[in-house]
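The values are calculated or read from the model by the stated rules, or taken from the named source; none is laboratory data. Just so you know, these numbers come straight off a predicted model, no measurement behind them. We place every Cβ from the backbone using ideal geometry, glycine too, and count neighbours over all the protein chains shown.
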Amino acid sequence: MKQNDPVIQSYIQSKEKQRQLYKRTLFIVSFSQVFGGAGLAAGITVGALLAQEMLQTEALAGLPAALFTLGSALAAFLVGRLSQRFGRRTGLFLGFFAGAVGAFGVVLAAVLGSAFLLFLSLFVYGAGTSTNLQARYAGTDLASEKQRGKAVSIAMVSTTFGAVAGPNLVDILGDFALSIGVPALAGPFILAGVAFLLAGLVLFLLLRPDPFLIAQALAADASVAETEDEQSAPKTLHRGIITGALIMILTQLVMVAIMTMTPVHMEHHGHHMGAIGLVIGIHVGAMYLPSLFTGYLVDRYGRISMAVAAGVTLLGAGLIGGFGSGDDLTVLIVSLALLGIGWNLGLISGTSLIVDNTTTANRAKTQGSVDVFIALAGATGGASGMVVAGASYTALSLFGGVLSLVLIPIVYWYRKKSTKRRRKFFRGRFALCHLFTHAGSRFLYPENIMKGRLL
C-alpha cells in the first residue's frame, strides 16, 4: 500500500477510523492467538518426553526446547524484517505457516523413528512459537503510550485458552495418535500443526488494512516532528531498548530452564501424563492469563516496577521448586504457576519498554532483533537437561531463582541513567549493575538494535 493510497489517506484523515482499526486489530490478533496458544503448548508439554523416548537418554531431554527456540530466533529475525517491509499480516502468516510445517514434520519423524528429521522439524516448529510471541506487537501499532501495556496484555490473554487446553488434551491426543498409527507422544504436535495453520490464516484473511502499514503512514505524515524527537534523545531510546531486552531475555532464560525439565522431573517421581499435563497447563495459563491485570499494572505503576516484581516472583518459583518435594503435586503446581506469572510480568513490562523507545521507521525490525535474543536465551535455558543430569532439578530451580534477581541492578541502571526529573528507584549502588549492563550493552549493540540489525 502506497502513502497516497485512498484507503491509507482515509485513516490518516480520520481519528475515529484509527480508533476503530485499533479495536478491530486487537480482536483479530486475539482470535488468532487462541489457535497460536494451542500450537505452542505441544513443544512445552511433550517435546522433552518425545526426545527422551526416541533418544533413550535424559541428558538430551532439553534438546527439543533448545532446537525450537533456536528456530524461533531465526524466525524472529525474518518475521521482523518481513513485517517491516510488507506489514504484520504477511510476516505473521508466513511465520505461523512455517511452524505448522515443523509440527507435522515432528509427527512424521516420530512415525519413521528418525532423530535427524525430529531435530530438523523441531527447529522449523520454532517459527510458530516465535510468531505467536511476535503477534503481541501487532496490537500496539496503533495504541497510544498509555494503551500499550493493555494492548500487549489483551493479545496475550487470548493465548491462554489454547495454551491451557493443549496440555490438558495430551491423553486424548495420544489416544487419537495411536488410533492412526502415530506414537502417542507425537499426538499434541498434530494439534499444533492444525492450530498454527489456522492462526496464520486468520491473520492473513482478516488483518486488513494492515495496522503497521497504517502506523507507518501516520508517522510519515508527521515525519518532521518524529525525526526531531528521535534525534533529541537517542541515548534514552538506546537505554530503553537495552533494558527492555534484558528484562525479557533474563525472564525467558529462567522460565525455559525450569519449565523444560519439569515434565522429566515429574516422571521420575511417578506422576502420570495427566498430572504432567495439568501442571504444564496451569503453568502456561499463568504465563498468559495474568495479562488481564498485568497490562493495567504496567501502564499504571510503570514498566520498571513490574520488572522488579517479575524478578521477585521468579525467585519465589525457584525456591519453592527447589526446596519442595517432587512427589507433591501441589508444590509443583505452585512453583510452575509462579514461574509463569513472573515470566508474564517480565514480558509485558519489557515489551512496553521496547515499543516506547522505537519509532515506526525501525519498530518491527527492532522488535524482531530483540526477539532473536529472547529466543537464544530460551535455547540456553533448554540446555538445562545437562544441569539436571550433572546435578539435580533442585539445583536448577534454586539457581534460576537467584539468577532472576539480576533484574534489580538492570532496572537500577536504567533509572539511574534516565532523566533527572525521574525519582530514583533505589538509593544504594550495586556494583553488579555496572558489570552486567556494560556486558549487556556490548552484547546488544544498541546502535545496531536501533537500526534493526543483528550482530
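Looking at the range 169-186, is at least one residue without any contact (Cβ under 8 Å) to a residue 60 or more places away in the chain and closer than 21 Å to S83 by Cα? Within the range 169-186, not a single residue is without any contact (Cβ under 8 Å) to a residue 60 or more places away in the chain and closer than 21 Å to S83 by Cα.
Per-residue answers, yes or no, for (1) under 23 Å from T159 (Cα atoms); (2) among the charged types (D, E, K, R); (3) modelled with pLDDT under 85:
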{"position": "V355", "(1), (2), (3)": "yes, no, no"}
{"position": "T359", "(1), (2), (3)": "no, no, yes"}
{"position": "K365", "(1), (2), (3)": "no, yes, no"}
{"position": "G378", "(1), (2), (3)": "yes, no, yes"}
{"position": "V387", "(1), (2), (3)": "no, no, yes"}
{"position": "S397", "(1), (2), (3)": "no, no, no"}
{"position": "R415", "(1), (2), (3)": "no, yes, yes"}
{"position": "R421", "(1), (2), (3)": "no, yes, yes"}
{"position": "F426", "(1), (2), (3)": "no, no, yes"}
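Matching residues to (1) touching a Lys or Arg at 6+ places or on another chain (Cβ under 7 Å); (2) of a type in the set (S, T, N, Q); (3) more than 16 Å from I410 (Cβ to Cβ):
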{"position": "L338", "(1), (2), (3)": "no, no, yes"}
{"position": "G350", "(1), (2), (3)": "no, no, no"}
{"position": "T358", "(1), (2), (3)": "no, yes, yes"}
{"position": "N362", "(1), (2), (3)": "yes, yes, yes"}
{"position": "Q367", "(1), (2), (3)": "no, yes, yes"}
{"position": "V372", "(1), (2), (3)": "no, no, yes"}
{"position": "A375", "(1), (2), (3)": "no, no, yes"}
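Filtered by the rule that a residue be of a type in the set (S, T, Y), touching a Gly at 6+ places or on another chain (Cβ under 7 Å) and either modelled with pLDDT of 80 or more or crowded, with 24+ Cβ neighbours inside 10 Å (or both), the range 159-209 gives a lone residue, T159.
Within this structure, L133 fails the test of being surrounded by fewer than 20 Cβ atoms within 10 Å (Cβ to Cβ) and among the hydrophobic types (A, V, I, L, M, F, W, C). Inclusion of G47 among residues that are assigned to a helix (DSSP H, G or I), at pLDDT below 90 and farther than 18 Å from V152 by Cα is warranted. Can you confirm whether S232 is surrounded by fewer than 22 Cβ atoms within 10 Å (Cβ to Cβ), over 26 Å from D171 (Cα atoms) and at pLDDT 90 or above? Here the answer is no, as S232 does not meet what is asked. Taking D356, is it in contact with a His (Cβ under 6 Å, 6 or more places away or on another chain), more than 20 Å from Y288 (Cβ to Cβ) and of a type outside the set (A, V, I, L, M)? Taking the combined requirement at face value, the residue does not satisfy it.
Considered as a group, the residues in the range 386-420 that are β-branched (V, I, T) and closer than 11 Å to A257 by Cβ include one that is surrounded by the fewest Cβ atoms within 10 Å (Cβ to Cβ), and that residue is V387. Quick check on I282: is it touching a residue at least 12 places away in the same chain (Cβ under 8 Å) and either more than 18 Å from the chain's Cα centre (by Cα) or crowded, with 24+ Cβ neighbours inside 10 Å (or both)? No; evaluated as a whole, the condition is false for this residue.
The one condition from (1) assigned to a helix (DSSP H, G or I); (2) at pLDDT below 85 that V402 does not meet is (2). Only helices (runs of 4 or more DSSP H) whose full extent lies in the range 137-225 are considered here, and the ones with at least 3 residues that are among the hydrophobic types (A, V, I, L, M, F, W, C) and closer than 30 Å to S14 by Cβ are 148-168, 187-206, 211-221. Among the residues that make up the range 324-339, is at least one of them farther than 26 Å from A391 by Cα and under 16 Å from the mean Cα position of the chain (by Cα)? Within the range 324-339, not a single residue is farther than 26 Å from A391 by Cα and under 16 Å from the mean Cα position of the chain (by Cα).
This table checks each residue for (1) in a loop (DSSP other than H, G, I, E, B); (2) β-branched (V, I, T); (3) crowded, with 24+ Cβ neighbours inside 10 Å; (4) within 19 Å of the chain's Cα centre (by Cα).
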{"position": "Q52", "(1), (2), (3), (4)": "no, no, no, no"}
{"position": "F68", "(1), (2), (3), (4)": "no, no, yes, yes"}
{"position": "V79", "(1), (2), (3), (4)": "no, yes, yes, yes"}
{"position": "L94", "(1), (2), (3), (4)": "no, no, no, yes"}
{"position": "V101", "(1), (2), (3), (4)": "no, yes, no, no"}
{"position": "V106", "(1), (2), (3), (4)": "no, yes, yes, no"}
{"position": "F119", "(1), (2), (3), (4)": "no, no, no, no"}
{"position": "Y125", "(1), (2), (3), (4)": "no, no, yes, yes"}
